[in-house]
Amino acid sequence: MTNSVYSIVYVHKMNINKNTLLFNILRKIANKPDSTQRDMAKSLDISLGKLNYCLKALKEKGLIKINNFRKSKSKLGYMYLLTPRGVSQKTQLTINFMKRKLKEYDELKNELDKNKKN
């Protein structure tokens, strides 16, 4: 594989991994907005620092809102909420994820069918 082809493949994989991570974070927030960062990081199998960095980026893009409830008596801490834009982005990431998985399935099925013929 030439360097330029390798670079393209590497960048493509980085984008897929990044999109998958963002999708998983948005999905976690949608399913359990009162999760702590520590719980989210653990369930996503990423460092707390990486999650914090991603949450800040999602907030800056306007995809999530972060509300601080530390002053309340219930001490919930922070609540993460998807904005309408975040819901839209999560939907688009879900669609792209499913398209990618269906393409992988079709490729594997074709490969298996080809191997059965041989």
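Every number here is computed from the coordinates shown, using simple stated rules; none is lab data. In this text, all values refer to a predicted model and were calculated from it rather than measured experimentally. FYI the Cβ positions are ideal-geometry reconstructions off the backbone, even for glycines, and counts take in every protein chain you see.
Kindly evaluate Ile25 against the criterion of being touching a Phe, Trp or Tyr at 6+ places or on another chain (Cβ under 6 Å) and either without any contact (Cβ under 8 Å) to a residue 24 or more places away in the chain or among the β-branched types (Val, Ile, Thr) (or both). It would help to see each step written out before you state the result.
Numbers: touching a Phe, Trp or Tyr at 6+ places or on another chain (Cβ under 6 Å): no; either without any contact (Cβ under 8 Å) to a residue 24 or more places away in the chain or among the β-branched types (Val, Ile, Thr) (or both): yes.
In short, no.
Among the residues of the stretch 22-41, which ones are more than 10 Å from Tyr80 (Cα to Cα) and surrounded by 14 or more Cβ atoms within 10 Å (Cβ to Cβ)? Break it down stepwise before answering.
Narrowing the stretch 22-41 to residues more than 10 Å from Tyr80 (Cα to Cα): 22-25, 27, 31, 38-41.
Correct list: Leu22, Phe23, Asn24, Ile25, Arg27, Met40, Ala41.
Under 7 Å between Cβ atoms, which residue pairs at least 6 apart in sequence (or on different chains) link something in the stretch 47-62 that is farther than 20 Å from Val87 by Cα with a partner that is basic (Lys, Arg) and in a helix (DSSP H, G or I)?
Leu48/Arg38
Any idea how many residues of the stretch 13-31 are closer than 13 Å to Ile64 by Cα and out of contact with any Lys or Arg (no Cβ under 9 Å at 6 or more places or on another chain)?
Filtering the stretch 13-31 for residues closer than 13 Å to Ile64 by Cα gives 22-23, 25-30.
In the following step, the residues that additionally are out of contact with any Lys or Arg (no Cβ under 9 Å at 6 or more places or on another chain) were identified as 25, 28.
Adding up the residues that qualify gives 2.
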